[in-house]
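Okay, structure first, notes after.
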Amino acid sequence: MRAAVLNGPRDISVREVPDPEVPEGWALVKVAYNSICGSDVSLYNNAWHGTAFPAVPGHEWSGTVVESRGGGFTAGDLVVADLALGCGRCRWCRRSQLVMCPELREFGFTDPGACAEYIAVPAANLVRLTPGADLLTATQAEPLAVALHALHRVRLEPGESVAVLGCGGIGLNVLQAVHAVGARVVLAVDPIAKRARAAGALGAETTLSDPADVAAWIAEAGPAGLPDVVLEASGEPPAVQLATDLVVPGGRVGLIGYRMGRSVELESARWPLKLMEMIGTMGPGRYMPAAAGLVSRGVIRTDEVITHVVDLSDADKAFHLADEPGEEVIRVAIRADA
């Protein structure tokens, strides 16, 4: 089969590799699409953890089951999958916090991912989509699950007000997840105007790109008018600092995005003086089935999220676009079956 192999930093070649083996309890899936996440871009630039080259990236994917050796799936099922494989024994696995497992493996990082024609995964990781589900849209089930997990971590309640910082692929999925659980996105911020406009098209009440405008919005809102929850989806240090300015006294900040090796300087007094919680979150947790359900029902829009689709044969172009997105690119997807 063909696969996009990351040979080293910024070095991708599409070539023939052996077909995946399918152990008992696993399934072989023909990949339809795989969208490129910020963590894939970090891997591309050798700024990721737990991965050795060569690697086949890709963990936001959809496809069709070709063969299943147990687990209740049959050929023709449309599926998405959780990327994480834990030991199943440690305290974190028992809490469904697989990303903390000391023996963690992840498809697209430690194990071959979905920038390929086929992928083999445990049936336990698969989630079935409804027949006829749009497979390009379904690539966003995994980032949507990350968003739903984040909302659980920050204890978001229906009717609460939210600000979303960073309106890339994760941020726009976060925004839609907030609406899906009955809360309001009162503010979305991104320095790239197209992303801010996309957030507005997806229901954010106010969108801003200029830091001066954000400062004015905070001043006009006053302490009582600030959002109950701020969800930071970029990982950029200035955005993390901004999150602590934006949140209402007594509110919660959810840190979803992150950048390896980047530091944030915050005054330690800010937490007690503002009665503020900062909560880290990572991975889809137990939310892949819920995310797949939202995708299957057409609740989630991707027309404002996936801006470019590139064939597998041009995987290097796809990663270059994702790495240097400019003004027009939000999420790049690779079409694996073309």
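The values are calculated or read from the model by the stated rules, or taken from the named source; none is laboratory data. Just so it is clear, the structure is predicted and the values come from calculations on it, not from any experiment. Quick reminder, even Gly has a Cβ in these numbers, built from the backbone with ideal geometry, and neighbours come from all protein chains shown.
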Go through (1) in contact (Cβ under 8 Å) with a residue 40 or more places away in the chain; (2) not in a strand (DSSP E or B) and name the single condition Glu106 misses. (2)
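Right, Ser35: over 24 Å from Ala75 (Cβ atoms), of a type in the set (Ser, Thr, Tyr) and under 17 Å from the mean Cα position of the chain (by Cα) or not? Outline the logic, then answer.
Details: over 24 Å from Ala75 (Cβ atoms): yes; of a type in the set (Ser, Thr, Tyr): yes; under 17 Å from the mean Cα position of the chain (by Cα): yes.
So Ser35 fits the description; yes.
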Can we say Ala116 is modelled with pLDDT of 95 or more and either within 26 Å of Arg335 (Cβ to Cβ) or in contact with an Asp or Glu (Cβ under 9 Å, 6 or more places away or on another chain) (or both)? yes
Would you please name the residue that is surrounded by the fewest Cβ atoms within 10 Å (Cβ to Cβ), looking only at residues in region 285-315 that are acidic (Asp, Glu) and either at pLDDT below 95 or not assigned by TED's automatic domain parsing to the domain that holds Arg128 (or both)? Asp303
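Return a yes/no flag: does region 173-191 have any residue that is acidic (Asp, Glu) and more than 24 Å from Gly261 (Cα to Cα). Lay out the reasoning, then the answer.
Of all residues in region 173-191, those acidic (Asp, Glu) come to 190.
Going one step further and asking which of them are more than 24 Å from Gly261 (Cα to Cα), we end up with none.
No, region 173-191 contains no residue that is acidic (Asp, Glu) and more than 24 Å from Gly261 (Cα to Cα).
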Would you tally the residues in region 248-261 being more than 22 Å from Leu104 (Cβ to Cβ) and surrounded by fewer than 17 Cβ atoms within 10 Å (Cβ to Cβ)? 2
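Could you tell me whether region 40-57 includes any residue that is among the aliphatic types (A, V, I, L, M), within 15 Å of Ile119 (Cβ to Cβ) and outside the structural domain of Glu236 (by TED's automatic domain parsing)? Quick ask: steps written out before the conclusion?
Of region 40-57, the ones among the aliphatic types (A, V, I, L, M) are 41, 43, 47, 52, 55-56.
Then keep just the ones that are within 15 Å of Ile119 (Cβ to Cβ); that gives 55-56.
In the following step, the residues that additionally are outside the structural domain of Glu236 (by TED's automatic domain parsing) were identified as 55-56.
Taking every residue of region 40-57 in turn, at least one turns out to be among the aliphatic types (A, V, I, L, M), within 15 Å of Ile119 (Cβ to Cβ) and outside the structural domain of Glu236 (by TED's automatic domain parsing).
Condition check ((1) under 24 Å from Pro272 (Cβ atoms); (2) surrounded by fewer than 20 Cβ atoms within 10 Å (Cβ to Cβ)) across all residues:
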| site | (1), (2) |
| --- | --- |
| Ala147 | no, no |
| Pro191 | no, yes |
| Gly203 | no, yes |
| Thr207 | no, no |
| Ala219 | yes, yes |
| Ala224 | yes, yes |
| Pro227 | yes, no |
| Leu231 | yes, no |
Val66, sole failed condition from (1) aliphatic (A, V, I, L, M); (2) in a loop (DSSP other than H, G, I, E, B); (3) farther than 27 Å from Gly169 by Cβ: (2)
Considering only region 52-93, state which residues are under 17 Å from the mean Cα position of the chain (by Cα) and on the phi > 0 side of the Ramachandran plot. Gly58
Inside region 211-244, can you point out the residues that are touching a residue at least 12 places away in the same chain (Cβ under 8 Å), out of contact with any Ser or Thr (no Cβ under 9 Å at 6 or more places or on another chain) and either of a type in the set (Asp, Glu) or not assigned by TED's automatic domain parsing to the domain that holds Met276 (or both)? Glu232, Glu236
Can you name every residue in region 172-190 that is under 20 Å from Pro238 (Cβ atoms) and in a strand (DSSP E or B)? Leu187, Ala188, Val189
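Per-residue answers, yes or no, for (1) charged (D, E, K, R); (2) modelled with pLDDT of 95 or more; (3) within 28 Å of His308 (Cα to Cα):
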residue	(1), (2), (3)
Val164	no, yes, yes
His179	no, yes, yes
Gly200	no, yes, yes
Ser209	no, no, yes
Val230	no, yes, no
Ala239	no, no, yes
Ser263	no, no, no
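Could you say which residue among Ala183, Ala199, Ala204 is under 11 Å from Leu165 (Cβ atoms) and in contact with a helix residue (DSSP H, G or I) (Cβ under 9 Å, 6 or more places away or on another chain)?
Numbers: Ala183 fails: under 11 Å from Leu165 (Cβ atoms); Ala204 fails: under 11 Å from Leu165 (Cβ atoms).
One residue alone meets the criteria, Ala199.
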